[in-house]
Structures are given as structure tokens and as C-alpha cells.
Amino acid sequence: MKIAVIVFPGSNCDHDAYSVLKGIRRMEVNFVWHKATDLNRYEAILIPGGFSYGDYLRAGSIAKFSPIMTSVIDKAKRGYPVLGICNGFQVLVESGLLPGALITNRNLKFLSRPVSLVTRTTDSVFTRNLNKGEKLVMPIAHRQGNFTADEETLKEIRDDDRIVFTYGSELGGNPNGSVLNIAGILNKERNVLGMMPHPERAADPLLGSTDGLKIFESLAGNS
Amino acid sequence: MKAEIYVTYKQGILDPEGNAVKKALNSIGFDAVGSVRFGKFIEMEFVDVDRAAAEKLAEEACRKLLANQNTETYRFEIVD
């Protein structure tokens, strides 16, 4: 699987993601600068964490107008997997590929620490290797990760089984005030995943957890 | 000609900054402060446009970029 890691000015988890993906069997990874417009040769897209455009105005709001985003949206509409992590999730929400919004954390703090996640659905290319209810540990690092949406949207994503990860009760529970403890959601077609926690920072025993690898192995189609 | 634009969270959306400032105000004696809403104030200057065009541009800028309509609401005034 050829996967593109999109690089915006201010992306800072792009190299982490690249390095992890490079180690995944059957993955071929390249950086793609945000000024590019062609993603034809890629079968999956990763939008990494960071502070694209300094998070000015609202996190992710300016990145959505980068030239590459037209191609990312096109790829997403054609069913290719798109994974947005942290700032990538914010970009996907601002682009309209995912519903809701990510607002400032309940306690107004930038939070950088491990959290506990519960896998809520295995019905996606990102989580097919996981078990329903499986607990994962990986870090968060954000100030605007407090997911919110109107009642109608929440009902829809709940009824459609599109909540992928929720914050578990361990390690301090819901860190940011997200409604329904939401840490990651899918689009209606189930090929776009946005998540605040960082699987690429939980992909080496040295970092304390390798749970993040399960997501990348799922995506690559490795058992 | 310029637009003075105000963007705030919609009613019903939790406003963590507003809440924190409200508590701070209450704690230093401003007991009459019942709620505080935070937002953004944006001044946008136009070149060579009339009032009608300025209104249209401000409206479009708010919709496309300045406000996230999932969570925010906006209003603006065009001033000379």
C-alpha cells in the first residue's frame, strides 16, 4: 500500500508517522508537501499532527485551503482511506470530511500524556485487526481536542457505529471534555478516520506502548 | 471601508475560556457577572469596493473561513 504523509507548514508529527509507516510490512510511504496537487499514485493518506499554519484562527482552518486538500477530499470521496491524527483530525473536521468540531479542552490546558482508549468498532480498515472493547494506551498532545457536535450529529454517528475510540476510565479518564468521551470518529462511508490520540507515538517498546501499531497494521492489511 | 467582524461560540456550545474568566471575575468580587462569552474580533479592510460589495465579501469570508458554523456564530458591521 502506497501511503502519502501530507506535510503542512507547522506539521510536526510527519517524521514520526513516516518512520513508523516505513517499518510496516507492505507499506510504502512518501512525504507530500501541501503545495502538491497530485495524489494519484497513493492508496491511502495520512494527515499528521502538529500546528499547521500555527493553529491561527482555529486549528486546521487554514490548512483546509492548501492546494493538496482538494486532492485529499477527492481521494476520500473515492473511498481511499484517510487517517487524520490530532491536528490532522482538526483539518478533516474543518474540511467537512468529518462532522462536529474540536474546541478548546475543558480545563484550557495543553495536555501531553498517555490516555486509555476503548475500541468501539472494528468495522473499518483502521481497526479490523482490533477486538471490540479492546483497550489501547497511547499519548495525546493537544489543546483543542474537545469534540463537540449537535444532538442530531451525535445520534447519527452513534447509530451508525461511527465512534471508533472513546477515552477509557483508566489514566484519568476523559482528558479534554469530549462529548460521549469521543476520541476518534469515522465518516459515513467509513474510510476517513480522525483521532486525537497519537498512534505513531505508541509504536515502539521504547515509547512505552506499541498499541498504535495495530492501527497501521490493520490499514496495511497485515494480520 | 472596512468590516468589523465578531465571531463567538453558539449558545449551547461550552465556552471553556468564557467560563474560566467568569469564575475569575466572580472570585474578585464581580458577583453580578452571570456569564462570559469569548470570541474573536476581526477587522478586515477593503480596497476599492462599495458598501454592497463589502457586505457580500464579509458575509462570504465569515461563511468560508472566519467562523466554523458547526460551533460558532458571526455578525459584522461595515464602517467607513
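Read the figures in this text as sums done on the coordinates, not as results from a lab. What you see is a predicted model, and the numbers here were worked out from it, not measured in a lab. FYI the Cβ positions are ideal-geometry reconstructions off the backbone, even for glycines, and counts take in every protein chain you see.
Would you be so kind as to identify all helices of chain A, as entire DSSP H runs, whose Cα atoms reach 30 Å or more along the helix's own axis and whose mean Kyte-Doolittle hydropathy is at least 1.0?
Numbers: long enough: none.
Taking the DSSP H segments of chain A (at least 30 Å long, mean hydropathy at least 1.0), we get none.
Using only helices, what value at 222 nm comes out for chain A when you add -39,500 (n - 2.57) per DSSP H run of length 4 or more and divide by the total residues, to the nearest 500 deg cm²/dmol? Can you show the working numbers first?
Working: 5 runs with 45 residues, N = 223.
The per-residue figure over chain A is -5500 deg cm²/dmol.
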The local net charge around A:Glu134, scoring Lys/Arg +1 and Asp/Glu -1 for residues other than A:Glu134 whose Cβ lies under 11 Å from its Cβ, equals +3
Looks like the range B:2-79, by Cα gyration tensor root eigenvalues a ≥ b ≥ c and the a/c under 1.5 rounded cutoff (else prolate when a/b is bigger than b/c, oblate otherwise), is prolate
Value of [θ]222 nm, deg cm²/dmol, for chain B, DSSP H segments ≥ 4, -39500 (n - 2.57) each, nearest 500
-9000 deg cm²/dmol
Rounded to the nearest 5, what % of the DSSP beta bridges within the protein assembly as shown are antiparallel ones?
70
Say a paramagnetic label sat at a point 7 Å from the Cα of B:Asp48, along Cα to Cβ; which residues of the range B:55-80 have their backbone N under 19 Å from it?
B:55-58
Under 16 Å Cα-Cα from B:Lys23, which aspartates and glutamates qualify once same-chain neighbours fewer than 8 residues away are excluded?
B:Asp15, B:Asp31
Step through the table entries B:Lys2/B:Lys40; A:Lys2/A:Lys22; A:Lys188/A:Lys214; A:Lys109/A:Lys132; A:Lys64/B:Lys10; A:Lys75/A:Lys188, compare each Cα-Cα distance with 20 Å, and write down the pairs that go over it.
A:Lys188/A:Lys214; A:Lys109/A:Lys132; A:Lys64/B:Lys10
Can you give the FRET efficiency for A:Thr210 and A:Lys35, using 1/(1 + (r/R0)^6), R0 = 35 Å, r = Cβ-Cβ distance, to the nearest 0.05?
0.55
What are the equivalent ellipsoid semi-axes of chain A, built from the alpha-carbon gyration tensor (square roots of five times its eigenvalues), in whole angstrom, biggest first?
22, 20, 17
For A:Thr70, A:Thr122, what ranking results if the residue with the fewest other Cβ atoms within 10 Å of its Cβ goes first?
A:Thr70, A:Thr122
Using the alpha-carbon centroid of each, what span in Å lies between the range B:26-60 and the range A:54-122?
26
Determine, for A:Val93, A:Val20, B:Val33, the number of other Cβ atoms within 10 Å of each Cβ, and report the residues in order from fewest to most.
B:Val33, A:Val20, A:Val93
Which order do A:Glu94, B:Glu77 fall in if you start with the one that has the fewest other Cβ atoms within 10 Å?
B:Glu77, A:Glu94
